[in-house]
Amino acid sequence: MTTTIPAGAATGPAAGARRRWTVLAVCALSMFLIGVDTTIVNVGLPAIGRGLGVGTRGLEWVVDAYTLVLASLLIASGALADRFGRRRVFRCGLVVFALASLACALAPSPGLLVAARAVQGVGASMLSPVALAIVVNAMPDPRERARAIGIWASVFGLSMAAGPVIGGALIAAFGWRSVFWINAPVVAVALVLVAVFVPESRGQWARRLDLPGQLLLTTALFVSVGVLIEGPRIGWASPAALACYVAAAAATTAFVRVELRRTEPLIDLRLFRRPPFASAVLGAVAVFAALSVSLLLTTLYLQNALGWTPLAAGSATLPMALGATVCAPWSGSLTGRLGPRRPLLLAGGFTAAGGLCMAVLGPDPGVPPLLAAHLLIGIGFGFANAPLTHTAVSGLPPSRAGVAGAVTSTARQVGSAVGIAVAGALAAGVAPDRLARASRPGWLLVTACGLLLFAVARASRREPAA
């Protein structure tokens, strides 16, 4: 594996350790930006809707245009980074992300905002898997690498929970466009740090781009999530919806057949023969679907039904951010010392408890129970990310860890997109005084996602295949 150390860098064991953890810090900063941008927009959706004159379904596309493009391109971006250089692709991703963020801030119409969000997803796709590959490459010691992966996953999870709080404060002070303006100075700092501290590296074997697989994956994701978003409008049994079901099934079937026949597939489906990996991917979808459902349903209920300001609605998610902040690093430590099973059991228990709390409270839950439920969900979310990432990459050589991490990152974004689509479908066209009752199936889904993590914990106990 080719690695270039920045000129003038100090040498020696201590300096080498500092440099490795500095690389992790730089990558974590960029991942924090990506995670925040996945959820920061949620709290601003009512303000965006009022400012641009768009309803709930249009607002869902503002969120999912980003997450779907990000999910579709994560693995291809990882392959590009292996071939052309991870630092080079990482820096390119930062630039694209910043320029698209500026376009979002200036967007005069819903259509242009959705398009800019899609381009933002292109830039973000160059950051997530590449950051993990950079971290894995910089940490040759397996134990040190496990700690670094735990920290990396914890930072990303924390950023997702912190997004609504940051967004509420920005919107209160500067308006909804500020949630996009804020990205520019953060990216500027990240670009400087990457240039100074992050070494260039490439994959030992540069994979070819799998264009047929990429096209089929993108089609399957967009059609599947698109019909979830548009289903309430077009009718779930309408000819258009039935055509979407057929198209999604056909694209998925064709994707599996193409990937099994290619020598260098976009997604190595053989990884799914390992129960720990397959369960970790499913768990990542469930965790992020639960988070997205919780955030969007809460945002719509507090702002549309109770008339709260974006700042107040964002502040209501502080218990969630607090739970994730405290438990994410704790989870990374537990995973490094005891393995992923115990953190996953805690994640599942707390997430299910939070969802069940909201599901049984009735049509008008009140603020204190809502805050308590969000604390439980935040604790569950904080415990989940490090063991899921660890379970996905455990037992794999470093050369395959990047691929496994990219698939897990894709699963997270798919979960986010599905969660937004489901929550939006539940809330679309519902009168404000009926939002709480209409949200109950969403909270039951959050409960089910938490219970699923018990199965993931059981699978993580098995010895991974070589």
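The values are calculated or read from the model by the stated rules, or taken from the named source; none is laboratory data. As the structure is a prediction and not an experimental result, all values here were calculated from the model. Reconstructed Cβ throughout: ideal geometry from the backbone, glycine too, with neighbour counts over all protein chains shown. To get the accessible areas, we keep the full protein, side chains included, count just its heavy atoms, and leave off ligands, DNA and RNA. Shrake-Rupley method; radii C 1.70, N 1.55, O 1.52, S 1.80 Å.
Structural descriptor for the chain: relative contact order 24 percent, calculated from alpha carbon pairs under 8 angstrom and at least 6 residues apart. Helix 128-138 and the longest principal axis of the C-alpha atoms of the chain enclose an angle of approximately 30°. Where a ≥ b ≥ c are the square roots of the eigenvalues of the C-alpha gyration tensor, would you call the range 208-260 rounded, which needs a/c under 1.5, or, failing that, prolate if a/b is larger than b/c, or oblate? Cα axes put the range 208-260 in the prolate bin. A straight chain from Ala431 to Leu451 at 0.36 nm per residue would run longer than the Cα-Cα distance by 4.1 nm. Neighbours of Leu70, meaning other residues whose beta-carbon lies under 12 angstrom from its beta-carbon, give a summed charge of 0 when Lys and Arg score +1 and Asp and Glu score -1. What a 1.4 Å probe finds exposed on the chain is 67% carbon and sulfur by accessible area, rounded to a whole percent. The long axis of helix 142-174 is offset from the longest Cα principal axis of the chain by roughly 40 degrees. For the range 179-240, the list of chymotrypsin sites (Phe, Trp or Tyr not before Pro) that fall in a loop by DSSP and count at most 15 other C-beta atoms within 10 angstrom reads Trp205, Trp236. Enter the angle in degrees (range 0 to 90, nearest 10) between the Cα long axis of helix 341-359 and the first principal axis of the Cα atoms of the chain, meaning the one along which they spread out most. Helix 341-359 sits at roughly 10 degrees to that axis. Take the Cα of Ser109, step 7 Å toward its Cβ, do the same at Arg261, and the gap between the two points is 4.2 nm. Label-to-label distance, Ser178 versus Val367, with points set 7 angstrom from Cα along the beta-carbon direction: 2.1 nm.
Each residue was assigned an accessible area with a 1.4 Å probe, and for Leu361 the value is about 60 Å². For a label point 7 angstrom out from the Cα of Ile234 toward its Cβ, which stretches of the range 58-78 have the backbone nitrogen within less than 13 Å? Inside the label zone: nothing.
Which of rounded, prolate, oblate describes the chain, given a ≥ b ≥ c as roots of the alpha-carbon gyration tensor eigenvalues and a/c under 1.5 marking rounded, otherwise prolate only if a/b is larger than b/c? Rounded, because the longest to shortest axis ratio a/c is under 1.5. Residues whose amide H comes within less than 5 Å of that of Glu200, counting only those at least five positions distant or on another chain, are Thr4 (H built at 1.01 Å from N in the peptide plane). Over the chain, accessible surface divided per residue gives 38 Å², non-protein components excluded, 1.4 Å probe.
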